[in-house]
1. Given Cα pairs under 8 Å that are at least 6 residues apart, what percent is the relative contact order of the chain?
2. Stretched out fully, how many nm does the piece from Glu344 to Lys180 gain, at 0.36 nm a residue minus the Cα gap?
3. Within segment 174-200, which residues have the backbone N less than 18 Å from the label spot 7 Å out from Lys153 along Cα→beta-carbon, could you tell me?
4. What is the percent of Cα-Cα separations in segment 205-285 that go past 15 Å?
5. Quick check on packing: order 31-40, 388-397 by the mean number of other C-beta atoms within 10 Å, highest mean leading.
6. With every protein chain present, what is the per residue accessible area of segment 277-401 (1.4 Å probe, Å²)?
7. Dividing the convex hull volume of the alpha carbon atoms of segment 287-401 by its residue count, what do you get in Å³ per residue?
8. Taking the highest mean first, how do the peptides 230-242, 309-321 order by number of other beta carbon atoms within 10 angstrom per residue?
Amino acid sequence: MKIVISAYGTTGDVHPVVLWAKEAFERKHEILLVVSKGMEFLPQKHKLPYKVYSGESAQKQFGSLGGGKSVTFTVLNRMREHMLIQAKELPQYCKTADLLVGSSLDPAAKSVAEKCNIPFIRMVLTPIFGGENRSSLFPYQSLPKWMNKIIWKTTIGLGEILAKAQLNKARKSLGLFAVKNYYDYTITSPSLICLDKRLAPPAPQWPKNIIYTGYPFSKEKEGLKEDLLEFINAGEKPIYLGFGSMGSADPSKTTQMIIDAIKTTKTRVIIQSGWANLGGENLPDYIFEIGPVNHGELLAHTSGAIHHGGAGTTHTVAFAGIPQLIIPHITDQFYYAQSVKQNELGPKYIPFRQLSVKKLSKGIMNLKSKKYADNAMEFKKEMEQNSESLVVDELERFVMK
């Protein structure tokens, strides 16, 4: 098959796509990834063919969102802007394709497939199907089922108001009829949920065209740098800390808060600078700063992880069999933070807006609990380990029907 894959978003959105795209490529399928500006390094690393969407870079679009209450609407506006870019640029790559794969972040992809008369399937990294389950778009995670249903209905209503007009504008540019209902348009897409069922459980109200495949994990061994290995081996196992593609309005203030909390708990920590620019000069000797790294490889040398709660990081930490403390910033990070709490893989999360030396110190001490370490090891045993193969299996079956 010739498979075109729209991979819009940050590293956490693009990386798992690249992993199963590599599997498809190795099965001799013709692959073309279309990624956000700034994400080219991922297909380049795996030697996969790619194109780049125009518009602002992923870091500029998503790296400075912070943790405010308006973040969900900001993300929605980014998606709305992207719909028109996608409708203009994606069709040229799909003219001879057998299949188009999109994500939850690029709803116009389905319309492009319709225009090009090819099958469309969606890869999902966040549950977006509504029902009685917790909302994956807002921070309210401890509500009764009837309240969850109300929140989802409200969310769906906002989609009709804020997204449908823009989608229909994109469809008009493609020469397609307008859709009457935005939610019906999105929900009818066959979907592969690349998540662990325990971290993202289904609801009875979900459509039947959904298949769980588990999260794709990198199996590459790149080797850790010598100075990092020296730090790891110089004492008790360190804890990993990083906020991935989340930015920070005041990196120095956030870093100092982290240093003070770490000092209080007498903990060795590997801190990843990331888009938040954590770390800097004159760090104490019990903190080691790193840049980009293979998380799966690094986490095997740690005793726990403190992170922002993205789907990829949450699953990768769980797969490493270590406990985790989540500091959610936006949208679905609260969802995964609650999933970690419910599965007893780590202590109660701390929203980034509420982060303090006292709360982080307490969180670190709780993270060291033997209960969480034992639970994390047990949880790991049942995680799917060949998701990328399952994804490609399902794509092949889908097209061959």
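1. Values: 769 pairs, mean separation 66.1, N = 401.
Dividing the mean separation by the residue count of the chain yields 16 percent.
2. On the way: separation 164, 0.36 × 164 = 59.04 nm, distance 4.27 nm.
Contour length minus the Cα-Cα distance gives 54.8 nm.
3. Residues 182-184 qualify, since their backbone N sits under 18 Å from the label point.
4. Details: 2241 of 3240 pairs.
Percentage above 15 Å: 69.
5. Packing order, densest peptide first, comes out as 31-40, 388-397.
6. Details: 5400 Å² over 125 residues.
Counting only protein heavy atoms, the per-residue value for segment 277-401 is 43 Å².
7. On the way: hull volume 15.6 nm³, N = 115.
So the per-residue Cα hull volume is 136 Å³.
8. Working: 230-242: 17.4, 309-321: 25.5.
Peptide ranking by packing, descending: 309-321, 230-242.
The values are calculated or read from the model by the stated rules, or taken from the named source; none is laboratory data. All values reported here derive from a predicted model rather than from experimental measurement. With ideal geometry, Cβ positions are generated from the backbone for all residues, glycine too; neighbour counts draw on all protein chains shown. SASA here: full protein model, heavy atoms, side chains in, ligands and nucleic acids out. Shrake-Rupley method; radii C 1.70, N 1.55, O 1.52, S 1.80 Å.
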